[in-house]
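The values are calculated or read from the model by the stated rules, or taken from the named source; none is laboratory data. In this text the structure is predicted, and so the values were computed from the model without any measurement. Please note: Cβ atoms are built from the backbone with ideal geometry, for glycine as well, and neighbour counts cover all protein chains shown.
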């Protein structure tokens with residue numbers, strides 16, 4: 001019994017010893033782990049660089065990277081070791097702020113670094129973000145402010161011109177040492193007046209001066225031919241070959257024309273078409289297209305047809321009834337003759353040359369006076385149908401239609417002349433008082449204003465066209481207001497004695513009652529200007545509008 005109890009006590013003692021040993025081992029091991037962690041912290045360098053799984057590591061051993069489980073943010077380490085690594089990234093950004101000063105001088109070495117105190121504060125906010133130093137490119141846009149200083153050097157060149165004068169004074173100093181006295185010093189101020197050389201840039205505006213010689217260019221520009229359409233202002237004898245009473249092929253008409261021949265011009269000499277052609281540099285005398293000599297003589301055909309003719313007919317108007325009432329060419333008839341002229345030209349010089357002459361030639365139109373004087377104010381029929389405003393609108397529309405047809409026949413340079421102050425002509429002045437008929441003048445001005453507007457619209461509509469309005473009203477108004485400035489002594493009476501027939505407009509045949517000095521009269525008969533009035537008015541007209549043709 002004693003032996004069994006002894007054995008039992010021994011086994012019990014062994015168990016207790018084993019338990020105590022195990023506890024001692026456990027405590028010792030745990031203590032060693034704690035001491036190990038305190039003595040050897042986690043190595044910061046190599047372990048963070050190792051790829052770790054996104055989930056927290058289950059093993060807490062010191063050799064394993066413990067930081068991943070503790071820190072919730074992936075990029076930063078655990079909060080405990082956080083402070084030491086925190087400063088570790090700071091040193092790299094410290095060298096990085098150094099590159100930003102490098103881009104500062106890069107934009108403009110001489111000037112920008114000094115005036116750019118503002119850019120350095122801009123890189124200062126950038127060092128706090130560690131990634132920001134990595135891209136030094138953002139400072140590169142900062143050079144854009146330096147371009148602003150770049151204009152600053154531009155003022156620099158302004159002083160640069162004085163630099164060339166500076167070498168000039170340099171030769172001056174060599175004589176200066178010999179005369180050391182002060183008189184040499186006044187010499188250097190003399191070169192200082194070199195700043196007047198900045199006015200040298202003034203010649204730079206000289207390029208606008210070339211336009212000044214440009215005005216003569218239109219005068220030298222070749223106008224191969226002139227074509228005239230309209231009424232008696234341009235008629236050079238077409239009515240002589242028509243069955244009409246409106247003719248001027250008798251004396252005293254043409255008394256001042258070369259050889260004193262009455263050619264059918266409604267003047268004592270030349271008319272407006274002759275002077276316009278002369279001042280355009282084409283020819284001095286314009287033949288009538290219906291002239292029999294022009295129809296028969298081949299030499300005249302080649303010389304006169306090539307440079308242009310007149311299709312105008314005295315008494316014609318824009319409205320067909322105006323021309324038909326006195327049996328003269330309508331405006332449509334004149335276009336028909338123009339088409340026939342082109343056919344004759346093709347036989348002479350060919351189709352291509354004819355087209356070129358018509359395109360480069362000047363087609364000039366004047367009409368409307370007879371529409372107002374005879375068709376509207378002369379008869380009561382039109383005045384009952386239309387008021388002045390609607391009648392002048394009809395006239396302007398007819399004029400526009402004629403211009404369109406001219407363009408269709410190949411004309412590209414077209415000039416349309418308005419009506420003069422018709423109420424101040426001798427036949428239209430109010431009887432007894434001899435004052436101007438203001439109603440007629442108002443109608444003429446109203447038509448001119450509408451004609452100007454509609455021609456402007458056509459000029460903007462028709463391609464490759466030059467359409468010019470000629471203001472003859474203002475030119476004649478000045479001659480009526482100040483006749484002495486132009487050498488005229490009489491503006492109310494005609495030079496020749498007019499008959500009672502035909503409205504007191506035309507000169508009597510073979511009358512001896514002619515004014516002693518035709519050049520001192522503004523009007524030749526009751527409606528038409530004298531040769532000198534034609535010359536003065538059309539010279540001013542061409543001078544005013546030649547640059548537009």
Next on the checklist: Can you list the helices (runs of 4 or more DSSP H) lying wholly within the stretch 372-486 that have 1 or more residues being within 32 Å of the chain's Cα centre (by Cα) and either buried (at least 16 other Cβ atoms within 10 Å of the Cβ) or on the phi < 0 side of the Ramachandran plot (or both)?
Outcome noted: 388-408, 438-461, 472-481
Item to check | Which numbered condition residue 360 misses (of (1) more than 34 Å from the chain's Cα centre (by Cα); (2) surrounded by fewer than 20 Cβ atoms within 10 Å (Cβ to Cβ); (3) closer than 30 Å to residue 542 by Cβ) | outcome: (1)
Next on the checklist: Give me the residue from the stretch 288-312 that is within 41 Å of the chain's Cα centre (by Cα) and in contact (Cβ under 8 Å) with a residue 40 or more places away in the chain and, out of that set, nearest to residue 328 (Cα to Cα).
Outcome noted: 312
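If you go through the stretch 232-247, how many residues are assigned to a loop (DSSP other than H, G, I, E, B) and crowded, with 24+ Cβ neighbours inside 10 Å?
6
Can you tell me which residue in the stretch 505-549 is modelled with the lowest pLDDT, limited to those that are part of a loop (DSSP other than H, G, I, E, B) and crowded, with 21+ Cβ neighbours inside 10 Å?
That would be 505.
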Checklist entry - Out of all the residues in the stretch 313-329, is one or more surrounded by fewer than 21 Cβ atoms within 10 Å (Cβ to Cβ), in contact with a helix residue (DSSP H, G or I) (Cβ under 9 Å, 6 or more places away or on another chain) and closer than 26 Å to residue 253 by Cβ? => result yes
Checklist entry - For the stretch 248-261, which residues satisfy the criterion of being part of a loop (DSSP other than H, G, I, E, B) and over 18 Å from residue 535 (Cα atoms)? => result 248, 249, 250, 251, 252, 261
Checklist entry - Within the bounds of the stretch 321-344, is there any residue that is in contact (Cβ under 8 Å) with a residue 40 or more places away in the chain and more than 22 Å from residue 237 (Cβ to Cβ)? => result yes
Checklist entry - Has the stretch 331-338 got at least one residue that is more than 20 Å from residue 244 (Cα to Cα) and modelled with pLDDT of 95 or more? => result yes
Checklist outcome for this item: Filtering the stretch 485-504 down to residues that are more than 16 Å from residue 255 (Cα to Cα) and modelled with pLDDT of 90 or more yields 485, 486, 487, 488, 489, 490, 491, 492, 493
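Residue-by-condition table, conditions (1) without any contact (Cβ under 8 Å) to a residue 24 or more places away in the chain; (2) closer than 13 Å to residue 332 by Cα:
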{"site": "382", "(1), (2)": "yes, no"}
{"site": "385", "(1), (2)": "yes, no"}
{"site": "388", "(1), (2)": "no, no"}
{"site": "403", "(1), (2)": "no, yes"}
Next on the checklist: Checking the structure you have, find out if any residue of the stretch 317-335 is closer than 21 Å to residue 504 by Cβ and under 39 Å from the mean Cα position of the chain (by Cα).
Outcome noted: yes
Checklist entry - Looking at (1) exposed (fewer than 15 other Cβ atoms within 10 Å of the Cβ); (2) modelled with pLDDT of 95 or more, can you tell me which one residue 347 breaks? => result (2)
Checklist outcome for this item: residue 265 fails exactly one of (1) touching a residue at least 40 places away in the same chain (Cβ under 8 Å); (2) crowded, with 24+ Cβ neighbours inside 10 Å; (3) closer than 23 Å to residue 520 by Cα, namely (1)
